[in-house]
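Notes to accompany the following structure.
The values are calculated or read from the model by the stated rules, or taken from the named source; none is laboratory data. Quantities reported herein were computed from a predicted structural model and do not represent experimental measurements. When we count neighbours, we look across all protein chains shown, and the Cβ atoms used for this are built from the backbone with ideal geometry, even at glycine.
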């Protein structure tokens with residue numbers, strides 16, 4: 001049984017668009033507005049300006065990912081993801097504080113809605129982290145042209161890598177693959193068909209599974225009792 005590293009794709013497959021990632025950022029921003037005001041860490045106008053600026057920069061300056069993308073461009077993408085991560089982590093902490101408070105400011109329905117929004121945002125943000133960090137990012141995975149890219153081991157083992165006959169020779173993981181993997185980890189609290197190989201990958205999965213467990217077991221159970 002051999003582990004296949006991502007093959008060199010043809011020229012038309014050597015780039016990966018960042019438009020789907022930008023759309024996910026906007027989707028996370030839309031979910032933000034479903035939360036009660038109790039959970040919003042920054043003023044609404046400031047949040048709008050921040051997201052518009054970041055998404056615009058992402059789409060304009062990094063419209064496609066490839067092996068030659070500048071370091072600052074990749075850093076820009078990671079700043080966008082980090083901003084969403086911090087905002088969602090704040091919401092999770094506030095939700096737990098609310099549950100521990102004697103004076104419950106939210107109804108049971110608001111608690112369930114808040115938990116669902118935070119969980120969905122968690123799926124998006126961790127899917128983006130997996131997509132951005134695995135084997136040097138989408139540019140390196142899609143192109144895999146130079147020696148440095150070829151020598152890097154994958155951080156996640158997808159079924160198509162272990163069984164090349166299941167996919168075309170040009171296959172390499174795309175954003176949807178990582179979002180699906182993030183969704184699976186958030187529901188099963190463990191790896192399913194995709195296996196983490198590196199330490200950072202295992203650590204990120206632990207953080208995501210732990211936060212999902214808090215939401216599903218603690219928050220939802222308390223909200224049902226309030227209803």
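Taking the stated definitions as given, is residue 69 within 29 Å of residue 196 (Cβ to Cβ), modelled with pLDDT under 70, touching a helix residue (DSSP H, G or I) at 6+ places or on another chain (Cβ under 6 Å) and crowded, with 18+ Cβ neighbours inside 10 Å?
Values: within 29 Å of residue 196 (Cβ to Cβ): yes; modelled with pLDDT under 70: yes; touching a helix residue (DSSP H, G or I) at 6+ places or on another chain (Cβ under 6 Å): yes; crowded, with 18+ Cβ neighbours inside 10 Å: yes.
Considered against the rule, which asks whether it is within 29 Å of residue 196 (Cβ to Cβ), modelled with pLDDT under 70, touching a helix residue (DSSP H, G or I) at 6+ places or on another chain (Cβ under 6 Å) and crowded, with 18+ Cβ neighbours inside 10 Å, residue 69 comes out as yes.
Only residues that are assigned to a loop (DSSP other than H, G, I, E, B), under 21 Å from residue 128 (Cβ atoms) and at pLDDT 80 or above: list them for the range 139-188, please.
154, 155, 158, 173, 174, listed by residue number.
In the range 180-197, which residues are touching a residue at least 40 places away in the same chain (Cβ under 8 Å), in contact with a helix residue (DSSP H, G or I) (Cβ under 7 Å, 6 or more places away or on another chain) and surrounded by fewer than 20 Cβ atoms within 10 Å (Cβ to Cβ)?
Scanning the range 180-197 gives a single hit, 183.
Quick one: would you say residue 214 is part of a helix (DSSP H, G or I) and modelled with pLDDT under 90? Let's see the steps before the verdict.
On the way: part of a helix (DSSP H, G or I): yes; modelled with pLDDT under 90: yes.
It is true that residue 214 is part of a helix (DSSP H, G or I) and modelled with pLDDT under 90.
For the range 198-224, which residues satisfy the criterion of being surrounded by 16 or more Cβ atoms within 10 Å (Cβ to Cβ) and in contact with a strand residue (DSSP E or B) (Cβ under 9 Å, 6 or more places away or on another chain)?
201, 204, 205 - these are the residues of the range 198-224 that are surrounded by 16 or more Cβ atoms within 10 Å (Cβ to Cβ) and in contact with a strand residue (DSSP E or B) (Cβ under 9 Å, 6 or more places away or on another chain).
For the range 93-106, indicate whether the set of residues that are at pLDDT 70 or above and under 20 Å from the mean Cα position of the chain (by Cα) is non-empty.
yes
In this structure, is residue 25 modelled with pLDDT under 80 and buried (at least 17 other Cβ atoms within 10 Å of the Cβ)? Show your work before the answer.
Numbers: modelled with pLDDT under 80: no; buried (at least 17 other Cβ atoms within 10 Å of the Cβ): yes.
So residue 25 fails the test.
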